[in-house]
Amino acid sequence: MGSKVPPIFDKRICYFCGLEKSNKAKKTCRSVIEIHHIIEVNEGGSNEEGNKVPCCSNHHSTIHEGLIKLDKWYMTTAGMKFHWWDETGTEWWGPRKL
Ligand SMILES: [Zn+2]
């Protein structure tokens with residue numbers, strides 16, 4: 001009890017395209033990584049990591065448009081993996097690899 005749980009995702013990288021949050025030193029790139037709540041907080045979702053997925057603003061819109069289908073986080077032998085389907089219906093376990 002009270003033991004620190006390691007983070008289950010890198011909050012600086014979009015899970016759906018691999019876009020990385022811009023480094024402040026590089027002023028030319030302004031990518032911003034947002035956090036999507038799998039169950040919206042106003043619908044009773046928690047603010048825990050298990051209810052969140054990091055995404056770029058592009059993919060955040062795509063999720064809300066229903067083009068990307070989200071399931072949830074699962075503990076696998078390779079660690080915590082998020083289960084989802086992309087715009088073409090392809091199933092993914094983990095971040096999209098480009
Ligand atoms: Zn993205």
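The values are calculated or read from the model by the stated rules, or taken from the named source; none is laboratory data. Because the structure is a prediction, the values reported are computed rather than measured. Ideal geometry is used to build each Cβ from the backbone, glycine not excepted, and the neighbour counts take in all protein chains shown.
Worth a mention:
- Met75 vs. criteria at negative phi and touching a residue at least 60 places away in the same chain (Cβ under 8 Å): no
- Top-ranked residue of region 67-77 - restricted to ones that are within 16 Å of the ligand (Cβ to nearest atom) and in a loop (DSSP other than H, G, I, E, B), ranked as farthest from Glu91 (Cα to Cα): Leu67
- Residue list for region 62-79, filter: at pLDDT below 95 and either buried (at least 17 other Cβ atoms within 10 Å of the Cβ) or among the hydroxyl-bearing types (Ser, Thr, Tyr) (or both): Thr76, Thr77
- Restricting attention to region 1-55, the residues that are in a strand (DSSP E or B), surrounded by 15 or more Cβ atoms within 10 Å (Cβ to Cβ) and modelled with pLDDT under 90 total 0.
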